[in-house]
Amino acid sequence: MSPHLVDFPQSPAMESLDVGRVLADEPLARHCSWRIGGPADLLIEPADGDQVANFMRFAREKSTPLLVIGQGTNLLFDDAGVRGIVLKIGERMSRIDICGNTIVAEGGAWVPQIARQAAKTGLAGLEHTIGIPGTIGGLVMMNGGSHRKGIGDNVRRVWIVDRDGHERVLTREECRFSYRHSALQGSGAVVIRVELQCPRGDRRQICRAMVDDLRERRRKFPRKEPNCGSVFLSTAEMHATVGPPGKVIEEAGLKGIRFGGAEVSRRHANFIVNRGGATSRDVLALIAHIRRVVREKIGFDLRCEVRYVSPRGELMPADRAPGAAERS
Ligand SMILES: Cc1cc2nc3c(=O)[nH]c(=O)nc-3n(C[C@H](O)[C@H](O)[C@H](O)COP(=O)(O)OP(=O)(O)OC[C@H]3O[C@@H](n4cnc5c(N)ncnc54)[C@H](O)[C@@H]3O)c2cc1C
């Protein structure tokens, strides 16, 4: 355990602190969809906003390195894990309430579950999120979505706990959503609750759109091997000039190429799958290789949507990780 954590949670001050479930030396591979990553010194799973606030105040006082995660479906953890504390907003904070046109979901609520409940109630606008396997906190943070939409379109308010442990409510305008970006990124804020506003729609049409989306995903995306969704960003500019990343990578002849346990999916070239025993080094080396070959053959600089988590708990686009940068 790293020196700054030796008195956690054994110190008398910590024992009385109500922060939720605390797991020591917890393998991060269990908390991400790639199934890659060494242990976190501590992983904490709070059950409500008060526990998040208690923890944030403690972390601030002790200057403890801290990383917030949801279900880890957009993250590549390092093989060395994280020397610090990982705060997971997951199943223990996943309540969903619907009243009229308003959905209020805790930060750890499962996005497809929110979409399904919206459909059942005849609320439209979330059809594009039915196949996104993460938490609403993570989706809001990334302004994620599909079919060129973002969840920000439906956000009305976001409850956060800031770095100092204060709960605040942000409006959609304050979140400043743009393509796969929000002002929350890099702010140190923890999303504990989200209010979504959805117009009424035709239930059958909403359900049909969701079924179509899921069918399309099953057809196009890898089904069984652990993965992290799209590895590279697809921007409007890229679409207009060279096409989507999957097509570009395929045209560069990289489909099926393998480094260690990491392989460019044979089903969809913008996915890297874990064929068993893949390490973060394998994935970063493969990312660097793809970027270099695409740059040479197609003349385009691919950027990563997936975030790498360093052993110090720092987050960065995976193409900026030391292992990926050195080789590119
Ligand atoms: C098969 C597959 C398909 C996918 N398809 C899509 C898609 O169509 N569109 C799309 O946008 N994404 C897609 N993704 C990526 C991913 O599911 C989304 O980005 C998702 O929103 C991430 O949620 P998460 O809970 O897993 O967040 P994580 O991956 O755990 O974290 C992502 C980011 O959000 C932050 N974060 C997470 N929760 C919180 C919180 N409560 N408070 C503050 N910060 C937080 C983390 O620090 C990190 O910066 C896909 C992934 C997979 C595996």
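The values are calculated or read from the model by the stated rules, or taken from the named source; none is laboratory data. Everything numeric here is computed off the predicted structure, so don't read it as measured data. Positions of Cβ are backbone-derived with ideal geometry, glycine not excepted, and every protein chain shown enters the neighbour counts. Surface areas here come from the heavy atoms of the whole protein model, side chains and all, with no ligands, DNA or RNA. Shrake-Rupley method; radii C 1.70, N 1.55, O 1.52, S 1.80 Å.
Checked against the criterion of being in contact with a strand residue (DSSP E or B) (Cβ under 6 Å, 6 or more places away or on another chain), β-branched (Val, Ile, Thr) and open to solvent by less than 30 Å² (accessible area, probe 1.4 Å), the candidates 114, 89 yield just one match: 114.
Taking region 219-276 as the range and being more than 16 Å from residue 288 (Cβ to Cβ) and acidic (Asp, Glu) as the test, the residues that pass are 225, 237, 250, 251. Restricting region 288-328 to residues that are within 16 Å of the ligand (Cβ to nearest atom) and part of a helix (DSSP H, G or I), which is surrounded by the most Cβ atoms within 10 Å (Cβ to Cβ)? Filtering region 288-328 for residues that are within 16 Å of the ligand (Cβ to nearest atom) and part of a helix (DSSP H, G or I), the one surrounded by the most Cβ atoms within 10 Å (Cβ to Cβ) comes out as 318. Among the residues making up region 117-128, a single one is surrounded by fewer than 20 Cβ atoms within 10 Å (Cβ to Cβ) and hydrophobic (A, V, I, L, M, F, W, C): 124. Filter region 93-109 down to the residues that are open to solvent by 10 Å² or more (accessible area, probe 1.4 Å), touching a Ser or Thr at 6+ places or on another chain (Cβ under 6 Å) and within 16 Å of the ligand (Cβ to nearest atom) and list them by number. Within region 93-109, 106 is the sole residue that qualifies. Pairs linking a residue in region 201-222 that is of a type in the set (S, T, N, Q) to a residue that is surrounded by 16 or more Cβ atoms within 10 Å (Cβ to Cβ), with Cβ atoms under 9 Å and 6 or more positions apart or on different chains, are 205/124; 205/127. Residue check: residue 273 meets all listed conditions (1) in a strand (DSSP E or B); (2) at pLDDT below 95 but one, namely (2). Across region 219-256, the number of residues qualifying as open to solvent by less than 50 Å² (accessible area, probe 1.4 Å) and at positive phi comes to 3. With respect to (1) of a type in the set (D, E, K, R); (2) in contact (Cβ under 8 Å) with a residue 40 or more places away in the chain; (3) assigned to a helix (DSSP H, G or I), the lone exception for residue 247 is condition (2).
Of the residues making up region 184-215, those that are among the charged types (D, E, K, R) and open to solvent by less than 70 Å² (accessible area, probe 1.4 Å) are 195, 213. Applying the set (1) open to solvent by less than 10 Å² (accessible area, probe 1.4 Å); (2) touching a helix residue (DSSP H, G or I) at 6+ places or on another chain (Cβ under 6 Å) to residue 280 leaves exactly one unmet item: (2). In region 55-86, the qualifying residues are those that are of a type in the set (Gly, Ala, Ser) and in contact with a helix residue (DSSP H, G or I) (Cβ under 9 Å, 6 or more places away or on another chain), and the one that is most open to solvent (accessible area, probe 1.4 Å) is 63. Among the residues of region 44-79, those identified as within 21 Å of residue 95 (Cα to Cα) and not in a loop (DSSP other than H, G, I, E, B) are 44, 45, 49, 50, 51, 52, 53, 54, 55, 68, 69.
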